[in-house]
Amino acid sequence: MNEVSILPISIGEFARRSRLSLKALRLYDAMGLLLPAQVDQTSGYRYYLEAQLERAKLIGLLRQLEMPLSRIAEVLELHGVEAAQAIARYWSLVEGDLKTNRKLVHYLEDYLGGKGESMYEIQTREVPQQKIVGIQRHVYVKDLSGFIAEAGDELLKQLAQAGLRGSGPAFVIYHGQINQDSNGPVEVCLPFEGSLEPTGQIRLRLELAHHEAFTRITKAQVEFPGILKAYDAVEQWLKDQGKGMSDSPREIYFARWDKIGPDDPACDIAFPYA
């Protein structure tokens, strides 16, 4: 039977046995992930216990998965099956990101190679003046889908409470870039008729009549980054026609999302122009 020593281990020896660098051990101490068992009050030198090697090993392995330190702290609070499930959930998110990034690489290859735009049919239409109720917020791409769903539900709720209904499909206006570093803003809108009072985050405004160039895409094509090709196609059409954007681009969702399949028409990518 192996006995675990209760004698303190110097930070240098602990680093060697745990295969963690001195810099990493100091960082994990500062983050509260792996505290020394003892600190010399005079020299500030750190000492650890052999029993802490298992925790150090786990931290090192999780860092090899590129798990953020904040996420590691959450895992360390769990035990057994719960800890294993937390790691599995994290890796599922990583695999989802890898899948998206792989598609983004293919998009960039097509974009830089001048491919892809010709597959989209560009149409134009006149959009009449309409009253819209909306919610606008600064969000990063990781929070975008949740915000759109939440805001859409809130707008429908506000109209229902006033005894009103939407007079057209909901749409999402991108007033600025949405990605890992830029947070918009983005506005979820719903046209309506009747009288409604603004409350809280709810905004009311009149959208003027305008010309609109758009392309229609399927539910599957809405998925990022494939949707970027549709944006590129409409933007290129405007350039080819010598037209300029008169307002922010938008995604118009005219179909019941839960009632359509991946190959069914779902959304118009539209650019107001003058």
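The values are calculated or read from the model by the stated rules, or taken from the named source; none is laboratory data. Being a predicted model, the structure only gives us computed values, none of them experimental. As a convention, Cβ positions derive from the backbone with ideal geometry for all residues, glycine included, and neighbour counts pool all protein chains shown.
Looking at GLN236 and the list (1) within 19 Å of ARG125 (Cβ to Cβ); (2) at pLDDT 95 or above, which single condition is not satisfied?
For GLN236, the failing item is (2).
Would you call GLN241 in the same structural domain as PRO128 (by TED's automatic domain parsing) and modelled with pLDDT under 95?
no
Please go through segment 42-64 and pick out each residue that is modelled with pLDDT of 95 or more and part of a loop (DSSP other than H, G, I, E, B).
Once the filter is applied, which keeps residues that are modelled with pLDDT of 95 or more and part of a loop (DSSP other than H, G, I, E, B), segment 42-64 yields only LEU49.
Only one of (1) in contact with a Leu (Cβ under 8 Å, 6 or more places away or on another chain); (2) surrounded by 12 or more Cβ atoms within 10 Å (Cβ to Cβ) is not met by VAL127, so which one is it?
Just one mismatch for VAL127, condition (1).
If you take just the strands (runs of 3 or more DSSP E) that sit entirely in segment 141-227, which of them hold at least 3 residues that are touching a helix residue (DSSP H, G or I) at 6+ places or on another chain (Cβ under 8 Å) and either outside the structural domain of VAL105 (by TED's automatic domain parsing) or over 26 Å from ASP264 (Cα atoms) (or both)?
Correct list: 186-192, 210-218.
Name the single residue that is farthest from the chain's Cα centre (by Cα) among those in segment 104-139 being hydroxyl-bearing (Ser, Thr, Tyr) and outside any helix (DSSP H, G or I).
Looking at the filtered set, the residue picked out is THR124.
Determine which member of the set ASP97, ASP40, ASP29 is out of contact with any helix residue (DSSP H, G or I) (no Cβ under 8 Å at 6 or more places or on another chain), surrounded by 15 or more Cβ atoms within 10 Å (Cβ to Cβ) and not assigned by TED's automatic domain parsing to the domain that holds LEU228.
Checking each option against the conditions leaves just ASP29.
In segment 228-274, which residue that is β-branched (Val, Ile, Thr) and assigned to a strand (DSSP E or B) is surrounded by the most Cβ atoms within 10 Å (Cβ to Cβ)?
ILE269
For segment 224-265, enumerate the residues that are under 23 Å from the mean Cα position of the chain (by Cα) and without any contact (Cβ under 8 Å) to a residue 12 or more places away in the chain.
Correct list: ARG256, ASP258.
Condition check ((1) under 17 Å from TYR253 (Cβ atoms); (2) touching a strand residue (DSSP E or B) at 6+ places or on another chain (Cβ under 9 Å); (3) modelled with pLDDT of 95 or more) across all residues:
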site: ASP110; (1), (2), (3): no, no, no
site: GLY116; (1), (2), (3): no, no, no
site: LYS131; (1), (2), (3): no, yes, yes
site: ILE173; (1), (2), (3): yes, yes, yes
site: ILE178; (1), (2), (3): yes, yes, no
site: ALA213; (1), (2), (3): no, yes, yes
